[in-house]
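The values are calculated or read from the model by the stated rules, or taken from the named source; none is laboratory data. Everything numeric here is computed off the predicted structure, so don't read it as measured data. Heads up, the Cβs are rebuilt from the backbone with ideal geometry, glycines too, and the neighbour counts pull from every protein chain shown. Note: accessible area is taken over every heavy atom of the protein model, side chains too, but ligands, DNA and RNA are not part of it. Shrake-Rupley method; radii C 1.70, N 1.55, O 1.52, S 1.80 Å.
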Amino acid sequence: MESQSQTQTSQPETPKRSPFTGIFHKLKSNLVFRSKLAEVNGAMGDLGTYIPIVLALTLAKDLDLGTTLIFTGIYNAVTGAVYGVPMPVQPMKSIAAVAISSTADEFGIPEIMAAGICTGGILFVLGISGLMQFVFNIIPLSVVRGIQLSQGLSFAMSAVKYIRKEQNFSKSKSVGDRPWLGLDGLVLALACVLFIVLVNGDGEQEEEEEEEERNGSRRRRRWVSIRKVISNVPSALLIFLLGVVLSFIRKPSIVHDIKFGPSKIKLVRMDKEAWKNGFLKGTIPQLPLSVLNSVVAVCKLSYDLFPEKKFSATSVSMTVGLMNMVGCWFGAMPTCHGAGGLAGQYKFGGRSGGCVALLGLAKLVLGLVLGGSLVGIMDKFPVGVLGALLLFAGIELAMAARDMNTKGDAFVMLVCTAVSLGSNAAIGFVAGIVLYVVLWMRNYGRVKPTDLPVQVDQHP
């Protein structure tokens, strides 16, 4: 007995792990790059959506660009560390559309920020109460795919418009056909599109190339090696850098307009009228889009692209809410997550939270060092080049709908898509849900062909 007790006491105790150790390892795992160059390239995949809306609000409504860059940079870094996927931070599009189409007296900066705070507060309550997760669980996949397809096609059509037409972002309208030649000409935009296709292909060639490299002939293996070298070229990063260089060539005096130092961050004053107009004109049209595209569609797409990463619609809804409940008080643009941004960053190589964390660090540095003087550079950035980036982000998002294999699911998805494109995502969502329920009631109790008993012919 003594020997047994001695052996028991002699065994070393397992050291207790601190809870902070697990958190540290999770953050490290979420931020580690899968491929350095590809992750840097993927960080550029969201700029086709981000730059036009931020530039439009800055020019039309005097949005504080420096403050917006600082806060959205922090959002990018935090969400990348928390979720471990290239979770985008995008402008709230409905609020931006209302602001651009209205005068400053009707819907100015106070109304924009009030709309962002109200939308964020509602999303936070929906998340923390568990209602958002309930909504996420009961929405049919075919309806979600319809919303994704409509949003992807909307991005793609906007991209084609950017490529074909010259744009006045401060008034949110096209102002004429884009010339063929020039530093923002049609030829340049089309060359960027072809370059992305050449480098990135359709995005599903890796497994096929590995198989060909193992089993193919020497000549085929050589071609596979060449394609691998080409696919490692950071297409989005090179195109973005080209756009920056062309901005300075188009207007060399931009150099003299650059002022170093951050913008002065201050509280935005919002009176009773600003809260009222912000909620009625901004929050009400934005809320359905935020629920569907910023939470539901983002979670569904993330599960498709990163099945090993588990996070809930509750947490995504809460992070969107917190971003706006904090930043909008200081004049930062209302923001949300977006399935289109996630698809774009994935298309160009983003595979980890480090991708958006790097983008966030770049935004933070630019906001602190250059502040609002970046407006001049963004104003001269070739719009056709932005259109090339946005086109592939939209196509990648729309491609998520390719898993609708049955005719019934495809029918619901396409009706939802058509109504969304013809009106808005909220009406399209309602149409999709109603159609899904009607079809379910119509087919209830129907025996499927696979359930029918097999009839054996007794008289050959």
Pick from the stretch 348-373, criterion open to solvent by 30 Å² or more (accessible area, probe 1.4 Å) and not hydrophobic (A, V, I, L, M, F, W, C), ranking: modelled with the highest pLDDT: Arg351
Filtered residue count, the stretch 313-322, keeping only those that are under 17 Å from the mean Cα position of the chain (by Cα) and more than 19 Å from Cys118 (Cβ to Cβ): 2
Residues located in the stretch 162-189, provided they are of a type in the set (D, E, K, R) and either more than 22 Å from Lys61 (Cβ to Cβ) or within 17 Å of the chain's Cα centre (by Cα) (or both): Arg164, Lys165, Asp177, Arg178, Asp184
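For the stretch 44-62, enumerate the residues that are of a type outside the set (Val, Ile, Thr) and surrounded by 22 or more Cβ atoms within 10 Å (Cβ to Cβ).
As a first pass, look at the stretch 44-62 and keep what is of a type outside the set (Val, Ile, Thr): 44-48, 50, 52, 55-57, 59-62.
Hits for the stretch 44-62 are Met44, Gly45, Asp46, Leu47, Gly48, Tyr50, Pro52, Leu55, Ala56, Leu57.
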Filter result for Asn277 (touching an Asp or Glu at 6+ places or on another chain (Cβ under 7 Å) and open to solvent by less than 40 Å² (accessible area, probe 1.4 Å)): yes
Residue among Leu69, Leu123, Leu149, Leu65 that is in contact with a strand residue (DSSP E or B) (Cβ under 9 Å, 6 or more places away or on another chain) and buried (at least 24 other Cβ atoms within 10 Å of the Cβ): Leu123
When residues of the stretch 184-209 are limited to those that are surrounded by 15 or more Cβ atoms within 10 Å (Cβ to Cβ) and either in a loop (DSSP other than H, G, I, E, B) or touching a strand residue (DSSP E or B) at 6+ places or on another chain (Cβ under 6 Å) (or both), the one modelled with the lowest pLDDT: Gln205
Residue within the stretch 380-402 that is open to solvent by 10 Å² or more (accessible area, probe 1.4 Å), under 23 Å from Phe33 (Cβ atoms) and touching a residue at least 40 places away in the same chain (Cβ under 8 Å) present: yes
Enumeration of residues in the stretch 311-345 that are open to solvent by 10 Å² or more (accessible area, probe 1.4 Å) and either touching a Cys at 6+ places or on another chain (Cβ under 6 Å) or part of a helix (DSSP H, G or I) (or both): Thr314, Ser315, Met318, Thr319, Leu322, Met323, Met325, Val326, Trp329, Phe330
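Among helices (runs of 4 or more DSSP H) lying entirely in the stretch 346-416, which contain 3 or more residues that are over 27 Å from Val193 (Cα atoms)?
Working: elements: 353-369, 375-379, 383-398.
Answer list for the stretch 346-416: 353-369.
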Selection status of Lys228, of a type outside the set (Val, Ile, Thr), in contact with an Asp or Glu (Cβ under 7 Å, 6 or more places away or on another chain) and under 27 Å from Gly84 (Cα atoms): yes
Check on Val82, over 26 Å from Ala156 (Cβ atoms), modelled with pLDDT of 80 or more, aliphatic (A, V, I, L, M) and surrounded by 13 or more Cβ atoms within 10 Å (Cβ to Cβ): yes
Helices (runs of 4 or more DSSP H) enclosed by the stretch 210-283 - at least 1 residues per element that are modelled with pLDDT under 75: 218-231
Among (1) in contact (Cβ under 8 Å) with a residue 40 or more places away in the chain; (2) within 23 Å of Ile196 (Cα to Cα) - the single one Val245 does not satisfy: (1)
